[in-house]
Amino acid sequence: MRKLLSAIIFATSLQVAIAQETAPQRQITPEKRIEMRLERLKTELSLTEEQLPKVKELLTQQDALRDLKPEERSAGFREIQTKMDALLTPEQKEKQKTLQEERRKKMMERREKMQKESVKEEKVSEPAKPNEH
């Protein structure tokens, strides 16, 4: 009986330890998220030193929209994109458009894949219906 109890306690403590290790360490701060996006845009669009502070300000404004209702957020995103277009050169705008299309395509592919996997899981988890005779 003691061995069984010891084994149960050990297994439970092991599960807790594993859960703590696999839990996310922390959320990314808004400032870090903005810096990461700015660095990505700097690389992808070859932003100039003159453009960087202006783009950072737009990214900060865009990040602030996260807490708004979808309709307000959408209008805000459009406004910020208009301002961003005014900052970028024609080549940068074209590159940004291409990158957005690629990301949208990848997102749609992931979404379709997840939907297919979800349908497969539903079929597998459905109980077999008894034959009615």
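Just so it is clear, none of the values below were taken in a lab; they were calculated from the coordinates. Worth saying up front: this structure is predicted, and the values here are computed from it rather than measured. Please note: Cβ atoms are built from the backbone with ideal geometry, for glycine as well, and neighbour counts cover all protein chains shown.
Some observations on this one:
- In loop segments of segment 25-89 as defined by DSSP, the GluC sites (Glu not before Pro) with at most 11 further C-beta atoms inside 10 Å of their C-beta are Glu49, Glu50.
- In this simple spin-label approximation, Ala86 and Lys54 carry label points 7 Å from Cα along the Cα→Cβ vector, and these lie 0.9 nm apart.
- For segment 26-91, with +1 on Lys and Arg beta carbons and -1 on Asp and Glu, the positive-most of Ile28, Leu87, Ser74 along the dipole: Ile28
- For segment 26-91, the dipole from Cβ point charges (+1 on Lys and Arg, -1 on Asp and Glu) about the Cα centre works out to 300 debye, to the nearest 20.
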